[in-house]
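Take a look at the structure set out below.
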Number of protein chains: 2
Amino acid sequence: MYIKDPMSIENKSFDIINDGMNEHNFTEQELKVVQRTIHTTGDFDYQNIVMFKNNPIEVGIEAIKSGCRIVTDTKMAFSGINKGALSKANCTMDNYIAREEVFKMAKEKEITRSMAAMDFALQEGVDIFVIGNAPTALFRIGELINEGKVSPKLIIGVPVGFVGASESKEYIREFNIPTITTKGTKGGSNVAAAIVNALLYMAVGR
Amino acid sequence: MYIKDPMSIENKSFDIINDGMNEHNFTEQELKVVQRTIHTTGDFDYQNIVMFKNNPIEVGIEAIKSGCRIVTDTKMAFSGINKGALSKANCTMDNYIAREEVFKMAKEKEITRSMAAMDFALQEGVDIFVIGNAPTALFRIGELINEGKVSPKLIIGVPVGFVGASESKEYIREFNIPTITTKGTKGGSNVAAAIVNALLYMAVGR
């Protein structure tokens, strides 16, 4: 015997998450983002590591409501983002990692494909970067901002791992740009997608 | 300044993971699976929660080498699995969650789409189930095995969450079938994909 109604499952999940959290100072909107990261990882530690800088939720919701362009670093993050909500919001989303030109550029310049993908992405402008996997993508975005080549409204930067991930997030938090990031090694494409979905649901509903 | 060579990044990551782990009794092959789950989550806790039952790695590698059929519960897990290695192994992979018929069946039977997707999957036979998200999919697989409708070689069952996830994994571990699962709430599509990739790399390389 187990619950088979998707909305009951989700509601019950969020009740359990709510009950299990420590005392906190999150705003109601921040809480929705944090709880969705806990929901997607099963890991309450996210209440301690999700960081909001420069008013990212308000900016993100406004960008989504006005129909923005979102670029993800991985196909997994792309897959995890709710397409119904995205289309309701008139937002578009792209991912460049598997393109032939990106392979070529990465090889020629001796950079990662994730970095080359960012270089390609900015050609059409980017409102929201969603980086769940590659620290090098996040470092590259910082470089491109410094070079005046891109000016995103919001960066969701939650690369995971042990080589550069933590540092890439520290680096991007220093910019005077709205960011949602995590402290330390944890993160991932699923976490990145969960954060985007939390913003989408606040902006346009399910 | 940051490392831009993908293989250097990955090798350094696994060195750090190796150094950071507690003493353990994993076999060399189990260690590869566990370390890849840590790599994909940034979370050392996976060394405490990944469970192997009924010789799953040997069975999985053999299935992969003989060209098996893999079914995932989510598009995210599907996205995260290395397509190059998959095609080198002559394995095929399917995901049914977004199919029109699955929507319809779920609505008619008042079950989750994840459950309906499993019912559809077995029509073509399934060698390896890869469940990263939906406890209901894992419960359903157990029911279908009990009904004699499917006989998978291996189940990778790592649903995440607070409602039924832990229980679904306990349930599936009781079957006399090779399983790789996690204890407790943690898991996810990324973890599921990481486990499949670890098996693929052991079976056919990168």
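The values are calculated or read from the model by the stated rules, or taken from the named source; none is laboratory data. Given the structure is predicted, the values throughout are model-derived calculations rather than measurements. Here the Cβ is made from the backbone with ideal geometry for all residues, glycine too, and neighbour counts use every protein chain on show. Remember, those area values only see protein heavy atoms, side chains included, never the ligands or the DNA or RNA. Shrake-Rupley method; radii C 1.70, N 1.55, O 1.52, S 1.80 Å.
What do you reckon, is A:Arg36 on the phi < 0 side of the Ramachandran plot, among the charged types (D, E, K, R) and crowded, with 21+ Cβ neighbours inside 10 Å? Working first, answer last.
Values: on the phi < 0 side of the Ramachandran plot: yes; among the charged types (D, E, K, R): yes; crowded, with 21+ Cβ neighbours inside 10 Å: yes.
Against the criterion (on the phi < 0 side of the Ramachandran plot, among the charged types (D, E, K, R) and crowded, with 21+ Cβ neighbours inside 10 Å), A:Arg36 qualifies.
Could you list, in sequence order, all residues of region B:32-63 that are of a type in the set (Lys, Arg) and touching a strand residue (DSSP E or B) at 6+ places or on another chain (Cβ under 9 Å)?
Step one: list which residues in region B:32-63 are of a type in the set (Lys, Arg), which gives B:32, B:36, B:53.
Of everything in region B:32-63, just one residue is of a type in the set (Lys, Arg) and touching a strand residue (DSSP E or B) at 6+ places or on another chain (Cβ under 9 Å), namely B:Lys53.
Filter region A:56-84 down to residues that are of a type in the set (Gly, Ala, Ser) and part of a loop (DSSP other than H, G, I, E, B) and give me whichever is surrounded by the fewest Cβ atoms within 10 Å (Cβ to Cβ).
Keep residues of region A:56-84 that are of a type in the set (Gly, Ala, Ser), which gives A:60, A:63, A:66-67, A:77, A:79-80, A:84.
Checking the rest, the ones that are also part of a loop (DSSP other than H, G, I, E, B) come to A:66-67.
Values: A:Ser66: 13, A:Gly67: 11.
Within region A:56-84, the match that is surrounded by the fewest Cβ atoms within 10 Å (Cβ to Cβ) is A:Gly67.
Could you please tell me which pairs satisfy a Cβ distance under 7 Å, a separation of 6+ or placement on different chains, a first residue in region B:54-79 that is under 16 Å from B:Val191 (Cβ atoms) and within 14 Å of chain A (Cβ to nearest Cβ), and a second residue that is of a type in the set (Ser, Thr, Tyr) and crowded, with 22+ Cβ neighbours inside 10 Å?
B:Asp73/B:Ser114; B:Thr74/B:Ser189; B:Lys75/A:Ser79; B:Met76/A:Ser79; B:Met76/B:Ser189; B:Ala77/B:Ser189; B:Phe78/B:Thr72; B:Ser79/A:Ser79
Here are the criteria: (1) at pLDDT 95 or above; (2) within 14 Å of chain B (Cβ to nearest Cβ). Tell me which single one A:Ile9 does not satisfy.
The one condition A:Ile9 does not meet is (1).
Scanning region A:26-46 for residues that are under 15 Å from the mean Cα position of the chain (by Cα) and of a type in the set (A, V, I, L, M, F, W, C), which turns out nearest to the other protein chains (Cβ to nearest Cβ)?
So, considering only residues that are under 15 Å from the mean Cα position of the chain (by Cα) and of a type in the set (A, V, I, L, M, F, W, C), the one nearest to the other protein chains (Cβ to nearest Cβ) is A:Ile38.
Could you say whether any residue in region B:101-109 is touching a Phe, Trp or Tyr at 6+ places or on another chain (Cβ under 8 Å), under 24 Å from A:Gly80 (Cβ atoms), small (Gly, Ala, Ser) and open to solvent by less than 30 Å² (accessible area, probe 1.4 Å)? Talk me through it step by step, then tell me what you get.
Start the filter on region B:101-109 by keeping residues that are touching a Phe, Trp or Tyr at 6+ places or on another chain (Cβ under 8 Å), which leaves B:101-102, B:105.
Pick out the ones that are also under 24 Å from A:Gly80 (Cβ atoms) and you get B:101-102, B:105.
Filter once more, so that each one left must be small (Gly, Ala, Ser): none.
Looking for residues that are touching a Phe, Trp or Tyr at 6+ places or on another chain (Cβ under 8 Å), under 24 Å from A:Gly80 (Cβ atoms), small (Gly, Ala, Ser) and open to solvent by less than 30 Å² (accessible area, probe 1.4 Å), one finds none in region B:101-109, hence no.
Quick check on region A:13-25. Is at least one of its residues open to solvent by 30 Å² or more (accessible area, probe 1.4 Å), in a helix (DSSP H, G or I) and either within 21 Å of A:Pro135 (Cα to Cα) or away from every other protein chain (no Cβ under 14 Å) (or both)? Break it down into steps so the answer makes sense when it comes.
Filtering region A:13-25 down to residues open to solvent by 30 Å² or more (accessible area, probe 1.4 Å) leaves A:14-16, A:18-20, A:22-25.
Retained after the next criterion (residues that are in a helix (DSSP H, G or I)): A:14-16, A:18-20.
Those still in the list that are either within 21 Å of A:Pro135 (Cα to Cα) or away from every other protein chain (no Cβ under 14 Å) (or both) too: none.
Checked region A:13-25: no residue is open to solvent by 30 Å² or more (accessible area, probe 1.4 Å), in a helix (DSSP H, G or I) and either within 21 Å of A:Pro135 (Cα to Cα) or away from every other protein chain (no Cβ under 14 Å) (or both).
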